[in-house]
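Everything below concerns the one structure shown next.
Nothing in this text is a laboratory measurement; each read-out follows from the coordinates by a stated rule. Everything quoted here is computed from the prediction, not taken from an experiment. FYI the Cβ positions are ideal-geometry reconstructions off the backbone, even for glycines, and counts take in every protein chain you see.
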Amino acid sequence: MEASLFRERVGRIVDSIETVILGKRREVELAVAGLLCRGHLLIEDKPGTGKTMLARALALSIGAEFKRIQFTADLLPSDVTGVSIYDLGRQEFRFQPGPIFASIVLADEINRATPKAQASLLECMDEYRVTVDGVTHVLPRPFFVVATENPIEYHGTYPLPEAQLDRFLLRLSLGYPAPAIELEMLTAQRVTHPIERVAPVVSAAEVLELQDAVCQVPVSEVVKEYIVRLCGATRDHRLVLLGASPRGALGLMRTAQAWALMHGLPAPREDEVKSVAGEVLAHRLILSPEARGRGLDAVGVVNELLDETEVKVP
C-alpha cells in the first residue's frame, strides 16, 4: 500500500472520531494505532471523560460490529465467551456465541469484575479465538478490545493481574477537556449527540489492509537494538519489581512502525519509539515500595529510562 493512501485512510478515521472526542487528537491517534497494530487498548480514567464514546466512535467509523460488555462483580466467563446449549430438536449441543464475537468489543469498567471473569479475555486477546467445552471458535477480524477502567481507588474495583495488563498494547488516559473544548462540547451536544452522525469512512476490509501495511514497515537494527535495551533496562531498574515482557518489546516496535507510517515516515526512528514508550510500557511495570515512597509512577520511571538509555549509532 502506498504511504499516501495509508495516511489518507487513517486520517479519515481520526477525523471521524474527533467529531465526537474533542481536543484529544494524540489520544485518538494512539487508539487508532492500537487497532492498526492488531493490539488492544486499555483506557484508565475517571467516569464521564469519553472512554465509552471513543470506542463507539471508532467502531462506527470503520463500519465494524460493536458489542459492549458491562463488567460487574457477578459477571461469569460464559457471559463473555458464550455457552453450549442443548438443542432438543437436533438432539445435540449448540454453541451460543457471547458478546466477545464482534470486531470492536468494549469491556466497560473491566476492573469491576472478578479475576475469573477478567481471565475470560486472555485467550481471546492473545490468540483471537475462544475455547468452550473443548471446542475452539475463531473470532472475527479485525478484532479489537477496548477496555475501560476507573482508577483503583474507586469503590468496588479489582486490580487487573499482570497477565491481563500485558495483553493490552496501549494504556491511555483521556483526562478532562480544556475549558474552551468543554464549552464547545456543550454547544455541540445541546440538541443531539455527535455520535449519532458518525458514519463509516473505511471498511473492515480496508482496516485489514492497513494492518498489513503496518507489518511491512521496515525497522532498522539500530532501532530494534534500542527497543531491546530499553525494555531490558526496565527489568534491571532499581525501582521496578517486574519489568516489560518480550511481548512489550514487540508491542513497542509495532506501535513505533504504525506511528511512523501515520506521520509520513518510511520507518521508525528512536524518536518514534520514545514518543509511544510511555503508553506501551508503563502499565506493564510493577514498581517497588521505594518508587511509591518517592511518589513516582510507572510513566515517570519510563521517562527516566528514556533519558538514561542512549541510542547506539553504528
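FRET efficiency for SER220 and ASN303, Cβ-Cβ distance as r, R0 = 30 Å, nearest 0.05?
My answer for the efficiency is 0.80.
Write down the Kirkwood hydrodynamic radius of segment 170-219, to one decimal in angstroms, obtained as one divided by the mean of 1/r over all alpha carbon pairs.
14.7 Å
Go through segment 126-205 and name the trypsin sites (Lys or Arg not before Pro) that are in a DSSP coil and have 11 or fewer other Cβ atoms within 10 Å of their Cβ.
ARG190
Residue separation times 0.36 nm, minus the C-alpha to C-alpha distance between ARG238 and ILE286: what's the value?
16.1 nm
What list of ³J(HN,Hα) values in whole Hz, one per residue of segment 83-90 in order, does the Karplus curve 6.51 cos²θ - 1.76 cosθ + 1.60 (θ = phi - 60°) give from phi, with Gly and Pro shown as x?
Working through the residues one at a time gives 8, 8, 10, 7, 8, 5, x, 8 Hz.
From the backbone phi of segment 187-196, what are the Karplus-calculated ³J(HN,Hα) couplings (6.51 cos²θ - 1.76 cosθ + 1.60, θ = phi - 60°) in whole Hz, Gly and Pro given as x?
Those phi angles translate into 5, 5, 9, 4, 10, 10, 8, x, 4, 6 Hz.
Taking 0.36 nm per intervening residue step and subtracting the Cα-Cα distance, what contour gain separates GLN70 from ARG94 on full extension?
So the chain would gain 6.2 nm between GLN70 and ARG94.
Rounded to the nearest 5, what % of DSSP beta bridges with both residues in the chain are antiparallel?
45 percent
Given a Förster distance of 41 Å, report the FRET efficiency between HIS263 and THR114 from their Cβ-Cβ distance, rounded to the nearest 0.05.
0.50
Along Cα→Cβ, 7 Å out, is where each label goes; now give me the distance between the ones at LYS46 and SER78 in nm to one decimal.
4.1 nm
Under 5 Å between amide hydrogens, which residues at least 5 positions from LEU172 or on another chain qualify, with H placed 1.01 Å from N in the peptide plane?
Here LEU42, ILE43, GLU44 satisfy the definition.
Estimate the FRET efficiency between THR136 and ALA163 by the formula 1/(1 + (r/R0)^6), using the beta-carbon distance for r and 30 Å for R0, to the nearest 0.05.
The calculated FRET efficiency here is 0.90.
For every helix of n ≥ 4 consecutive DSSP H residues, a contribution of -39,500 (n - 2.57) applies; sum these over the chain, divide by its total residues, and give [θ] at 222 nm rounded to the nearest 500 deg cm²/dmol.
Estimated from H runs of four or more residues: -13000 deg cm²/dmol.
State, to one decimal in nm, how far the label point of THR187 lies from the label point of ALA199, with both points 7 Å from Cα in the Cβ direction.
Distance between the two pseudo-spin positions: 2.5 nm.
So, in Å, what gap is there between the alpha-carbon centers of segment 1-56 and segment 64-107?
27 Å
Taking θ = phi - 60°, what integer Hz values does the Karplus form 6.51 cos²θ - 1.76 cosθ + 1.60 yield along segment 204-211, in sequence order, with x for Gly and Pro?
Each residue of segment 204-211 in turn: 4, 5, 5, 5, 4, 5, 5, 4 Hz.
Towards the positive end of the charge dipole of segment 100-194, with charges on Cβ (+1 Lys, Arg; -1 Asp, Glu), say which of GLN118, THR136, ALA147 has the farthest Cα.
THR136
Treating the beta-carbon of each Lys and Arg as +1 and of each Asp and Glu as -1, no other charges, what is the dipole magnitude of the chain about its Cα centre, to the nearest 20 debye?
200 debye
Dipole magnitude of segment 3-103 about its Cα centre, charges +1 at Lys/Arg Cβ and -1 at Asp/Glu Cβ only, in debye to the nearest 20?
280 debye
Taking Cα pairs under 8 Å and at least six residues apart, what relative contact order does the chain come out at, in percent?
So the answer I get is 22 percent.
Can you find, among VAL202, ALA249, ALA178, the residue sitting farthest towards the positive end of the charge dipole of the chain, where Lys and Arg contribute +1 and Asp and Glu -1 at Cβ?
Farthest towards the positive pole: VAL202.
Positive end of the charge dipole of the chain (Lys, Arg +1 and Asp, Glu -1 on Cβ, about the Cα centre): tell me which of ALA213, PRO99, THR49 has its Cα farthest that way.
Toward the positive end, the furthest listed residue is PRO99.
Pull up all non-local amide H partners of LEU242: gap of 5 or more, or a different chain, and H-to-H distance under 5 Å with H placed in the peptide plane.
ILE286
Suppose every Lys and Arg Cβ carries +1 and every Asp and Glu Cβ carries -1, with no other charges. What dipole size does segment 218-308 come out with about its Cα centre, to the nearest 20 debye?
The calculation lands at about 300 debye.
What whole-number distance in Å separates the alpha-carbon centres of segment 284-306 and segment 110-176?
For segment 284-306 versus segment 110-176, the Cα centre distance is 24 Å.
For VAL83, what residues show an amide H to amide H distance below 5 Å, using hydrogens built from the backbone and excluding near sequence neighbours?
When sequence neighbours closer than 5 places are left aside, the close amide H contacts are GLN96, GLY98.
Check each of the GluC sites (Glu not before Pro) in segment 105-174 and keep only those in coil by DSSP with at most 16 other C-beta atoms within 10 angstrom; list them in order.
Counting only loop positions with at most 16 other Cβ atoms within 10 Å, the GluC sites (Glu not before Pro) in segment 105-174 are GLU153.
Run through every distinct alpha carbon pair of segment 181-314 and return the Kirkwood hydrodynamic radius in angstroms, one decimal place.
By the Kirkwood definition, the hydrodynamic radius is 17.2 Å.
Can you flag which of LYS67/LYS116; LYS24/LYS312; LYS51/LYS224; LYS224/LYS274; LYS24/LYS116 are past 24 Å Cα-Cα?
Flagged as over cut-off: LYS24/LYS312; LYS51/LYS224; LYS24/LYS116.
For ARG7 and ARG247 in the same chain, what is the full-extension length gain: residue separation times 0.36 nm, less their Cα-Cα distance, in nm?
That pair, ARG7 and ARG247, stretches by 83.7 nm at full extension.
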